[in-house]
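**Q** Quick one: structure below, then a few questions.
The values are calculated or read from the model by the stated rules, or taken from the named source; none is laboratory data. In this text the structure is predicted, and so the values were computed from the model without any measurement. Heads up, the Cβs are rebuilt from the backbone with ideal geometry, glycines too, and the neighbour counts pull from every protein chain shown.
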Amino acid sequence: MTEGETLFYLREIHPHWTASNVSATKLAELQAAQLIEINPTSPTVRLTSEGARCKNLGRKYGAQTTEVRSMPRRKAFRPRSAKKNVTRARPLV
């Protein structure tokens, strides 16, 4: 399984015990790589600490980034212009 495939399947798995919609063969490969744990009594899986680390490193803005989000800019104050004198339309008849 490539690194991209691994990240794709890790996105479907959570750090807490949940049922997964990933195929059994892919789950077996992830378990062999020690990225997930499979509960033997019920069909649930969860991430290991190594799996969570790999999942976070694969994100676009992972836990490792120190990006600072700025506040959204406020619109600049513009004084209202004076109303223009508009002539009323004359009747056609």
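**Q** Considering only residues of the stretch 1-46 that are assigned to a helix (DSSP H, G or I) and among the polar types (S, T, N, Q), which is surrounded by the most Cβ atoms within 10 Å (Cβ to Cβ)?
**A** Going through the stretch 1-46, the residues assigned to a helix (DSSP H, G or I) turn out to be 3-10, 24-32.
Still in the running and among the polar types (S, T, N, Q): 6, 25, 31.
Numbers: Thr6: 19, Thr25: 9, Gln31: 15.
By that ranking, first place goes to Thr6.
**Q** Which of the following residues is modelled with pLDDT under 80 and assigned to a loop (DSSP other than H, G, I, E, B): Ala82, Ala89?
**A** Ala82
**Q** Something else about it: Enumerate the pairs (first residue in the stretch 5-27 and in contact (Cβ under 8 Å) with a residue 60 or more places away in the chain; second residue anywhere and hydroxyl-bearing (Ser, Thr, Tyr)) with beta-carbon separation below 9 Å, excluding pairs fewer than 6 apart on the same chain, so at least 6 apart or on different chains.
**A** Cβ pairs passing all conditions: none.
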